[in-house]
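See structure below.
The values are calculated or read from the model by the stated rules, or taken from the named source; none is laboratory data. Every value quoted in this text rests on a predicted model; they were computed, and no experiment measured them. Here the Cβ positions follow ideal geometry from the backbone for every residue, glycine too, while neighbour counts run over all protein chains shown.
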Amino acid sequence: MTDASEAAATIPTGPRDEAVVSYGLYAKRLSDLALELLAHDPDAPPGDRVRRALELGEWLDKLVSQAAVAEREDGASWRAIGEAAGITRQSAAGRWGPAVDAWRANGRRALSGGTGESARTAAVALDLAYARRADDNPCTVFSSTLHVVRYPEREAARARQEQADAARHRLHDVRTRTEDLTRDFHTAQDPADRADALRRRAAVQDETAALLQHLATLDPDRADTHRADAVQSARAADADREFATLLASQDTPAPAP
């Protein structure tokens, strides 16, 4: 493993690299299907060659669509993509825009969750597939083109920014839940219901504190503020739990005389 790849090993791959890996996987599938055409069953029904060749064409269409996705993630304009395809900018956007939209809707990831494989390991597998067929036997012909390998420091900064943005989004959600639970507390009449609202709000305050501590590691310029807010949220959670205990005791039926 090179120094660059070692540095990249712990950096999450960004959408650009994910799109490139997805393109590589489509190219590999197309290559495999093309080779499989050579193994034809002489007893196959009439038209089998045409059917299999058309299947190859379908995969070629998928590859071209993913190529457009990768170009867009790499910053290419629709005009540039259209010129490469010999069509207008409007035609390019109309032809491959839905593929770009679908890519974004699916999370801009090359591999779906639960596969046990990452874009980085898939890139290494594509390196090996190419090496088996190339005379010069390059070891990293595909993976070396990934930004996470070529620009590890820049990609690390990008990953931190994406994680920070995600943490801020989650903070907004948990703070909205806190406001909802505060309304539940003030509108509840029964002490047990009020205590339950406080316990649930305390759990959300704990989640807020943990998010703020995590954000402090991702946003060093405001780390002190995030840590102070985290301490405040943790204290608010403790106070809610104490108050909930008092309310619960008020709701306990008096012992029979």
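Results, tabulated for the structure shown:
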| quantity | calculated |
| --- | --- |
| Hey, Ala92 assigned to a helix (DSSP H, G or I), buried (at least 17 other Cβ atoms within 10 Å of the Cβ) and in contact with a Gly (Cβ under 6 Å, 6 or more places away or on another chain) or not | yes |
| Number of the condition not met by Ser143 [criteria: (1) assigned by TED's automatic domain parsing to the domain that holds Leu218; (2) buried (at least 19 other Cβ atoms within 10 Å of the Cβ)] | (1) |
| Among (1) buried (at least 18 other Cβ atoms within 10 Å of the Cβ); (2) modelled with pLDDT of 95 or more - the single one Leu211 does not satisfy | (2) |
| Test: residue in the stretch 99-111 that is within 26 Å of Thr140 (Cα to Cα), β-branched (Val, Ile, Thr), under 23 Å from the mean Cα position of the chain (by Cα) and assigned by TED's automatic domain parsing to the domain that holds Glu18 | no |
